Structures are given as C-alpha cells and as structure tokens.
Amino acid sequence: MQNLSNHIEGLGLESVEDYRQWCARNGFSRKLNKHWKQRCRERSFSQQAVAQERLERRKRENRKPLDILRCVCNGELTEDQVTQPHLKRLCQLVRPKRGPQPEKQINRQALASLLAHLHEQRAKFFDGSPAIASLGQLHGNTFVEAIAVIAAHHSSWLRAIEDWKPRSHSSSRQFASLLRHLFVQFDDMPLFFDVVWFSGWTKQAADRRSWYLHVGRGQNIRTCNLPITFTKKMSHHFMHAPNNLTIEEALRWGQVHGLGGDERLARATFGTRLTESFDHDDFWSTVIRWFASHPMLDRAHIGPIVDYLHYQRFVSGHAFVAPGNREETAPPQPNLSMKGRTPEVLLRRVNEWHRTLANDNRHQVRQWQSFGINGFEFVEGSQQNGTAKRWTIRELLSSNSLTCEGRQMKHCVASYASSCARGHCSIWTMEVESKEGITKTVTIEVRNATRQICQVRGKANRLPTEKERQVIQRWAESAELRLATYI
C-alpha cells in the first residue's frame, strides 16, 4: 500500500480515485495491484506529458507575450503556471505583499497600460534575455522586470506614456529613451545610471532608483542620501563618468577626480575594496588624496596597498586565552593614518605583510563550504603534435590553500580568509597543464552576492594576459558569472 501511495504521489496526484481517473483518461488499467514494469510505464508517460505541457506553455509565452503578461498582471497566472524565469519573478513582483517594502507596490493597472502601449509601439522588451549582458542572470536583469519596477513609480512619471514612441531599433536605446521620457526633466541623465532599473527589488536597488528620480527632476546628486560626501566637483565628474561603469564605480570615479586624481587612478580603484564598500570613508578619502599626490606610483600597487591598509586598520584578530577559548583583539594599527608616509616605505611594509601572511600559521586553520559556483576545465591544442593545454579553474576552500596560493603567487590573497568564510567572496586559482607540467597562472576573486569576477591577479600582482582573460570569459559564460568591465 505504501508503494501505491508513493506511486500516486510521484504522478502528481492526491488520491486513489484521482489515480483511477488518470489511468482511464490515459489508457492504463484502473486496477491498483500492478506489476512494477507497468508502473514504470505510467511514470514515464507522466514525465513525458509534463515535459510536453511545459513545452506548449513556453511556445504560448513566446507566441503571445502580451496575453501572458496581461494574465500575470491580473493575477490569473502564478509562478507555477509559467515556465520562463523572468515570468516567474514577475508573478512574484505583482503579488500583493504585506509589511514594509523597499519601494511602492506595483500598480497593476499602470503596468498593464504600460505593457499595452509598448507592445503597440513594437518595443523590443518582451523576451527574457538579460538586458545588460555584463550583469548576466541577475534577478531583475530583464526588460519585463524593469518595466514592472517603472510601473511601481507611475506617480513619478513626468509625461504620459502614450506620448512615447521609439526612435531606434536597439532595445537598450529604446529603454533609455523610455526612462528619459518618463522620469527625466532636462535629458541630462548619464547612461550608466540606467542600470539601477535592472538591479532587482532590494533595499540598495530601491535607494539607487530614488537617486535616479531625484536627479531626473533636476536636483543635484549631492543632495541624495549618498554613502560618501560629494563636493560640487565630485558631482560634476560623477555625472560625466563613462557609460560602462557601475553606480559604485561612478561614485568612486567622481570622488577620485574631485580629490585631485585622474582616470588611471580611478580605474585602479575598481575591483578593490573601495568599490565594494563605502564604510570608513573619512579614512579612505585620505588614502585617495595620498594616491593622487603620488602620481608616479605604479597603479598596479593600488589594490595590494588598499588590502594592507584595510587589514591593519580595520581587521580584528584573535588571541587564545585558554585551550579552545579565544578572544577578539584590536586591529594591528587601529589609528593608522597616511600622514607623512612615502611610497617607498609603504610598499616595503606591504611586502613585509605579504611575507608574514605566507608564514602565519593562524591563517591555516579555517575551512568553509563552496558557495556553489561551478569550476571550469578547458582543453585546447592537439595531443598528437604536443600542443595540448588543459586549463582548470578551482575554488580554494581553506585558509591553508589561500596561504599556499599567496606564497606561490607572491600576493596577499591569504588576507581574504575571513571574507571567504563569511561567504562574502570566493577565491579561485587558475592553472594550465602542458607537456612541461602544471603552472599556476592567476588568482581570481568572485563577489558571491552579485556573481561578479571582480579581481584577477597573476604572480606579484601582475594583470592577466589576453589569453588568460579569454579563458576566464569562457568560465564566466559557463558558470553564469559576469566579468567586471575593468578586467
């Protein structure tokens, strides 16, 4: 009897009577005592039927996208009744929610009228492909989801949607035009700002969109609730930052230029902790001023110096006070400042710190679970003529492996043990095997939350070669990661 119950449940049915009716509809015997081979045929038939139904649903979704979207807006379809991920997420977005939300609820009527007009104008917004390729499969990174977010802000529309017409065949240009029609008063919004509409439904994304609306009404970015304090000069450079930057990078771009730095210095901060967090900005502003005052410092040293300063000033240590009992200690130099420092002495301290990390056994006791990102293997060349190469990318899952990696590659990756243990980032090593043996090539940092490859460094902090970039790009595509534009 238990086997029968499991079989009925496996077919997606709830009762014996449902099972008898299902058998009658599909040409199977209605009796309950069946041979195991007969039950296997029934399970196979059920699985094929489910797969065929999903295929038919997907065809209907692609054939009549507006009808499907209208049903979603009216609450007639749930996430269990659609197949494509962006439609499932849209169903969740339009569902009424209880409790405080980071943004207003989506107005279904506004969303339906918006979708109808866009469909009438033949706007290219209705497939589920990523809107911004560099963001990959990030939730919210489709035009349909972004349109739903726009509908949540219908009270902020400056012009009627009926007055908008596309003037380009490019979907990205059409969307940029739509945003400026609805939200921008003077048409001076930088293009990099558009990314906030594809960043999902988080509190941070909602804050970024409030900046967009504020600036769109003709207000200054300085009067937004920014994580750092902007001057007029910083605000000017922020608004003129390159179009391919993220919001975080654009903030640092404006700050670096406002503090006397140049484009090379601004781009050197990308991928460091300076675009990962804006905490302790009073201190980091002095660091940026120091970098700007030493323009001949090789910008390849920016990342290692930032890691060193962060570790010395903000990373707490641990001291064992009894067997199995340890207490948190203060950072090595909690009052560290940049006053009076010279590049030569600072670089010497950074190198000494690297050597200390490589030989510090305290960093060899931590292990953590993989975040779930797939590794990578790629073979090129020919085995017959001796040109075969096997590239592999694998995750490092202990402080011991980070220490060994840092020792061999002569950089400070061992300092990332705490961040890896907390799941904030993951560290990967790329190796290449040829007839000469196995060689380490680069170390890779991935920000887990955004699945972004944010830093790639070779031996002694060298930048990756073009070939190494190509292999990493292959990995990014297969593992659904996004590669930062500055790499």
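The values are calculated or read from the model by the stated rules, or taken from the named source; none is laboratory data. Keep in mind it's a predicted model, so treat the numbers as computed, not measured. Here the Cβ positions follow ideal geometry from the backbone for every residue, glycine too, while neighbour counts run over all protein chains shown.
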>> Among the residues of region 408-416, are any small (G, A, S), surrounded by 14 or more Cβ atoms within 10 Å (Cβ to Cβ) and outside any strand (DSSP E or B)?
In response: yes
> Name the pairs: first residue in region 106-125 and over 18 Å from W201 (Cβ atoms) and not assigned by TED's automatic domain parsing to the domain that holds W164, second residue in a helix (DSSP H, G or I) and not hydroxyl-bearing (S, T, Y), Cβ to Cβ under 7 Å, at least 6 apart or on different chains?
Replying inline: none
>> Condition first: part of a helix (DSSP H, G or I) and under 19 Å from S426 (Cα atoms). Now tell me which residues in region 446-472 satisfy that.
In response: K459, N461, E468, R469, V471, I472
>> Looking at region 27-43 only, could you name the residues that are exposed (fewer than 12 other Cβ atoms within 10 Å of the Cβ) and assigned to a loop (DSSP other than H, G, I, E, B)?
In response: G27, R30, K31, N33, H35
> When you scan region 241-352 for helices (runs of 4 or more DSSP H) that lie fully inside it, which ones turn up with 3 or more residues that are at pLDDT 95 or above and farther than 24 Å from L463 by Cβ?
Replying inline: 281-292
>> Filter region 1-37 down to the residues that are more than 19 Å from Q48 (Cα to Cα), hydrophobic (A, V, I, L, M, F, W, C) and over 46 Å from the mean Cα position of the chain (by Cα) and list them by number.
In response: M1, V16, L32
> Mind checking whether some residue in region 381-391 is in contact with a Ser or Thr (Cβ under 7 Å, 6 or more places away or on another chain), under 21 Å from L483 (Cα atoms) and surrounded by fewer than 18 Cβ atoms within 10 Å (Cβ to Cβ)?
Replying inline: no
> Which is within 25 Å of D298 (Cβ to Cβ), among the acidic types (D, E) and in contact with a Gly (Cβ under 9 Å, 6 or more places away or on another chain), of E468, E395?
Replying inline: E468
>> Any residue that is within 22 Å of the chain's Cα centre (by Cα) and either over 21 Å from Q455 (Cα atoms) or among the small types (G, A, S) (or both) - is there at least one of those in region 280-297?
In response: no
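Which ones in region 420-453 are in contact (Cβ under 8 Å) with a residue 12 or more places away in the chain and among the acidic types (D, E)?
Passing the criteria: E431, E433, E445.
One line per residue, one yes/no per condition, for (1) surrounded by fewer than 19 Cβ atoms within 10 Å (Cβ to Cβ); (2) touching a strand residue (DSSP E or B) at 6+ places or on another chain (Cβ under 8 Å); (3) within 28 Å of L182 (Cβ to Cβ):
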{"position": "A205", "(1), (2), (3)": "no, no, yes"}
{"position": "R209", "(1), (2), (3)": "no, no, yes"}
{"position": "I228", "(1), (2), (3)": "yes, no, no"}
{"position": "T231", "(1), (2), (3)": "yes, no, no"}
{"position": "T246", "(1), (2), (3)": "no, no, yes"}
{"position": "G254", "(1), (2), (3)": "no, no, yes"}
{"position": "D262", "(1), (2), (3)": "yes, no, no"}
{"position": "L265", "(1), (2), (3)": "no, no, no"}
{"position": "A268", "(1), (2), (3)": "no, no, no"}
>> Kindly evaluate Q38 against the criterion of being more than 30 Å from A110 (Cβ to Cβ) and at pLDDT 80 or above.
In response: yes
> Scanning region 85-143 for residues that are within 21 Å of S199 (Cβ to Cβ) and charged (D, E, K, R), which turns out surrounded by the most Cβ atoms within 10 Å (Cβ to Cβ)?
Replying inline: R89
>> If I filter region 372-390 for residues that are at pLDDT 90 or above and either of a type in the set (S, T, N, Q) or closer than 30 Å to E352 by Cβ (or both), do I get at least one hit?
In response: yes
